[in-house]
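The values are calculated or read from the model by the stated rules, or taken from the named source; none is laboratory data. Note that the structure is a prediction, hence the values are computed from the model and not measured. Because the Cβ atoms are built from the backbone with ideal geometry, glycine has one as well, and the counts that use them run over all protein chains shown. Just so you know, the surface numbers come from the protein's heavy atoms only, side chains and all, with ligands and any DNA or RNA stripped out. Shrake-Rupley method; radii C 1.70, N 1.55, O 1.52, S 1.80 Å.
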Amino acid sequence: MSAVIDHFQAQLPAENEATSAPAPTIHLMRPEDADRWDAFVARCPQATFFHRAGWQSVIERAFGRKTWFYYAELNGEIQGVLPLAQIKSRLFGHSLASLPFCVYGGVAAVSDSAAEVLDLAAQKLAAELQVGHLEYRNMTPRHADWHTKSLYVTFRKEILPGEEENMLAIPKKQRAMVRKGIKAGLHSEIDDHVERFFAAYSASVHRLGTPVFSRKFFRLLKETFADDCEVMSITRDGRVVSSVMSFYFRDEVLPYYGGGTSEAREVAGNDFMYWELMRRACEKGCKVFDFGRSKCGTGSFDFKKNWGFAPQPLHYEYQLHQSKAVPDTNPLNPKYRLFIKLWQRLPLPVANALGPHIVKNLG
């Protein structure tokens, strides 16, 4: 890809015409750049956990996907980053996105000039690869002239300083579900491994008719992000009822993957689980609980609203290249209904074996 960057750099002006300031230069992240990449991400207000350098190795090793982690540099300092990965599938199309398998992405920069050169680099790469579309998973809008999709929202809310304050901030009906879990004798435990989590999570997504990610993916997440990737399991009399994998970033906690066994519904296992995560995050000094992305009109959307969280739109943007329309590869698409019903009937071990070969093409 050095030839692509050389070609791109040759087309950039040596200076910003309006200010006569030198223009940032574009580079691909190398292993030795990872620490300063992450240092930039930690201080850049636009950056998220999904901009961290570790996602490059996770996506390449777990899914075999090609990545381009661009950064813009000026006077030896990183001014912006843009992680990209390619999905190429006969079933689900050909795309370049920031970032597949993540809910947030796009350009994160501290200057307009850095954002501009990163944006231009991504568009040129998309054209060279002849992808169907280029996708940015923005939290805020960037391109008024690109196609958009209003399918997704996120739920974020302040974590209050005290445990009782947080409990009372939960709406009454949902608070009763949390107390039901407490009365059922549920306990939370932090796991050093992903095995109990995978058992609960895979059973849960199978009931929904959704293909599961591989154990390898979750192991790589835990290995790559270490203490910033936490697995918490909820038990009752020694049995795992539910489990959640959460990410910590700056002063935020993000429960990203979670699920429960069939017993979870009986004892409010998931309700207790998210309360326990909030309580523990409060003890750690976290200020924001990011309940993550949901599709409008789903049970997940309603569940998060019941906690008193207000939906905030996500601004996913698409620049069409070879495609004629924005892709629609989500489970709400009517053409996937039969597939979902068939998947729910598969034995769980079969679904767990086949699932990773499907989801690696979805992103």
Looking at the stretch 274-295, is at least one residue more than 18 Å from the chain's Cα centre (by Cα) and under 30 Å from ALA122 (Cβ atoms)?
-> no
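Do you know which of the residues in the stretch 51-92 that are polar (S, T, N, Q) and not in a strand (DSSP E or B) is farthest from the chain's Cα centre (by Cα)? Give the derivation first.
Pass one, the stretch 51-92, residues polar (S, T, N, Q): 56-57, 67, 75, 79, 86, 89.
Filter again for not in a strand (DSSP E or B), leaving 56-57, 75.
Values: GLN56: 13, SER57: 15, ASN75: 32 Å.
Ranking the candidates gives ASN75 first.
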Which residues, counting only those in the stretch 22-63, are open to solvent by 10 Å² or more (accessible area, probe 1.4 Å), among the β-branched types (Val, Ile, Thr) and either within 25 Å of ASP290 (Cα to Cα) or touching a helix residue (DSSP H, G or I) at 6+ places or on another chain (Cβ under 6 Å) (or both)?
-> THR48
Please tell me if ARG142 is modelled with pLDDT under 95 and either open to solvent by less than 30 Å² (accessible area, probe 1.4 Å) or over 17 Å from the mean Cα position of the chain (by Cα) (or both).
-> yes
Mind listing just one residue for me: the one in the stretch 296-333 that is among the aromatic types (Phe, Trp, Tyr) and under 17 Å from the mean Cα position of the chain (by Cα) and, of those, most open to solvent (accessible area, probe 1.4 Å)?
-> PHE301
Inside the stretch 234-252, the number of residues satisfying the requirement of being surrounded by fewer than 20 Cβ atoms within 10 Å (Cβ to Cβ) and under 13 Å from VAL194 (Cα atoms) is 0
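From the list ALA85, ALA127, exactly one residue is farther than 28 Å from GLY299 by Cβ, touching a residue at least 60 places away in the same chain (Cβ under 8 Å), among the aliphatic types (A, V, I, L, M) and touching a Ser or Thr at 6+ places or on another chain (Cβ under 7 Å). Which is it? I'd like the intermediate steps shown before the answer.
Details: ALA127 fails: touching a Ser or Thr at 6+ places or on another chain (Cβ under 7 Å).
After ruling out the rest, the residue left standing is ALA85.
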Of everything in the stretch 263-299 that's outside any loop (DSSP other than H, G, I, E, B) and among the basic types (Lys, Arg), which residue is modelled with the lowest pLDDT?
-> LYS295
Within the stretch 245-262, residues closer than 20 Å to VAL153 by Cα and either acidic (Asp, Glu) or not in a strand (DSSP E or B) (or both) come out as GLU252
